[in-house]
Structure formats: structure tokens, C-alpha cells
Amino acid sequence: RTARAPRKGMRPLVRRVMRIAAMVALLLGVGYSTYLYTRDSFANQILAMEIPAGQRIEMTLPDGSHVWLNAGARLEYPTVFGRHRREVKLSGEAMFEVEHDAEHPFVVRTFASDVEVLGTKFNVEADADEELFATTLFEGRLRLTDPTTRQAIILEPNDEARLCGGRLLVSPISDADAACWTEGLISIRGLSFEELMRKFELAYNVRIEIRRATMPVIGFKSGKFRISDGVDHALQVLQHNSDFRFEHDVKNNTITIH
């Protein structure tokens, strides 16, 4: 049998289809490149959320992660996360519930250590002025970097890491209510009187001066104050088991501890 020669009319059609396919591929390539360029441009646009004393907020990040910011906290984040990492910068205290995305690690940058999220729910407190850094893990896993040795430290659920003498020390959670501030509460467990007064200053937006030769001792080992009850109520409760007096100058928004 004699093979048929291809029809001449088919050749222009094939060439036309190939040209269209090449144009489509080119347009798709240009469109994808434009998308990446636009995404990278937005990733370089940094927003900042700063919380005044006496307030706290809950917000949702561009990837769907939830953040609770405590009074005095500052969070910097991009309008759109980049192609490789989801990165935010924190000063102050925040509670995170991170949307899982294994291909795009979530990193919280602080003055002491970057906190890389391998899990979902954790609390971070970072104050460079006070050289205070602590992170408490409730769910998932976290990777920290020791600022002195540069070695990686992995936290498991119910672990906490604190900065002590320039090193990160890991221990079981000392206060299960460490993140109760998200519910409008202040926990006193493990705090000195001076540390508690700093928390009162932020939570109640008031200046507290301690004019004593010795620091009062908190008579309670644990307990919580409801912020909405006010600073006077909290101090009056403390007075039941602590030896101090206080004066509240409402006009100057100052409390003096004697």
C-alpha cells in the first residue's frame, strides 16, 4: 500500500498552533515573573503595630496566623510574606498561633534570639532595655538560637526558655498561666514585686514609683488579677499579704509605693 503524503493545508495549521502555544507560554512566563516581582515588592513593605500602655489587641497576619499583642508591644511585619520565609520582628510580649506551612518557615525575630516555629502556639516576651527574653511553648515545637554559643535549642510542649547571663536556659513551664494576659488577667506566679509593678505600669497605663529602702515581698505564691478591676484594687489585694502603703495621684497618673 502506498503511504499518503501529508496534506499541504495541515502544515500552516500546525505552524499556527505552535506560534499560539509559544505566545501563550511567553505570556504565562511574563505573568508569573510579574507576580513574583509584585509579591517581592509587597514583601519589602513593612508595617508596624505598636500597642500603647493600658491596651492589648488581637490581629491576623497576611498568612492567616493569629497574634495577641500585649501593652507596650511592637510588631513589624510585611504586607505580604516573601516566597521563602514568613518573618516578623517583635519587641515586647505577644502570643502567636501560627498557620502551618512547612514550606514557608515562620520566624519571630527578637533582640536575643530568632524563634523559628516548628509548631503552632507559643508566647514570647522580649525587652532589650531590660535584657528580658522568655518564650513559652504550649503546642508544637520551636527552634531557638543561643546568643552566646549560636547552638540550636529545640523546645517541646510545656517548655520555656529564658535569657540568663547571656545564655538561654530551658526548663518546664513555671507558670501555666503565662499567657493569661490574652484574657485580660495578670498572673503573679514567679514574679518579684518590682517585676509585678512593671506589668502593672503597662497594663494600667500608670507610672509607679517605689520609694523604699527595701523592696516589698509578695505574700502570695500564685494568683491572678483581672485588669478590668483597676490598679487600686490590685494593690489593695496585695496589701493583705505584703507590707507596703501606696498613694495614687490620679491627676498626675502616678502611684507611689512606701
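Which residue, of Phe106, Phe81, is open to solvent by less than 70 Å² (accessible area, probe 1.4 Å) and either over 19 Å from Leu69 (Cα atoms) or at pLDDT 95 or above (or both)?
It is Phe81.
So, Pro172, is that one more than 12 Å from the chain's Cα centre (by Cα), at pLDDT 90 or above, open to solvent by 20 Å² or more (accessible area, probe 1.4 Å) and over 30 Å from Ile210 (Cα atoms) or not?
On the way: more than 12 Å from the chain's Cα centre (by Cα): yes; at pLDDT 90 or above: yes; open to solvent by 20 Å² or more (accessible area, probe 1.4 Å): yes; over 30 Å from Ile210 (Cα atoms): yes.
Considered against the rule, which asks whether it is more than 12 Å from the chain's Cα centre (by Cα), at pLDDT 90 or above, open to solvent by 20 Å² or more (accessible area, probe 1.4 Å) and over 30 Å from Ile210 (Cα atoms), Pro172 comes out as yes.
Residues that are of a type in the set (A, V, I, L, M) and in contact with a helix residue (DSSP H, G or I) (Cβ under 6 Å, 6 or more places away or on another chain) occur at least once in the stretch 195-205.
Only one of these is more than 19 Å from the chain's Cα centre (by Cα), of a type in the set (Lys, Arg) and open to solvent by 80 Å² or more (accessible area, probe 1.4 Å): Arg141, Arg167, Arg162. Name it. Show your work before the answer.
Numbers: Arg141 fails: more than 19 Å from the chain's Cα centre (by Cα); Arg162 fails: more than 19 Å from the chain's Cα centre (by Cα).
Answer to the selection: Arg167.
Is it the case, given these coordinates, that Leu132 is modelled with pLDDT of 95 or more and either surrounded by fewer than 19 Cβ atoms within 10 Å (Cβ to Cβ) or closer than 28 Å to Leu191 by Cβ (or both)? No, not satisfied.
Of the residues Leu202, Leu238, Leu185, Leu196, which single one is under 28 Å from Ala134 (Cα atoms) and either of a type in the set (Ser, Thr, Tyr) or open to solvent by 50 Å² or more (accessible area, probe 1.4 Å) (or both)? Quick ask: steps written out before the conclusion?
On the way: Leu238 fails: either of a type in the set (Ser, Thr, Tyr) or open to solvent by 50 Å² or more (accessible area, probe 1.4 Å) (or both); Leu185 fails: either of a type in the set (Ser, Thr, Tyr) or open to solvent by 50 Å² or more (accessible area, probe 1.4 Å) (or both); Leu196 fails: either of a type in the set (Ser, Thr, Tyr) or open to solvent by 50 Å² or more (accessible area, probe 1.4 Å) (or both).
Only one candidate passes the filter, namely Leu202.
The values are calculated or read from the model by the stated rules, or taken from the named source; none is laboratory data. Being a predicted model, the structure only gives us computed values, none of them experimental. Methodologically, a virtual Cβ is constructed for each residue, glycine included, from the backbone with ideal geometry; neighbour enumeration extends over all protein chains shown. Remember, those area values only see protein heavy atoms, side chains included, never the ligands or the DNA or RNA. Shrake-Rupley method; radii C 1.70, N 1.55, O 1.52, S 1.80 Å.
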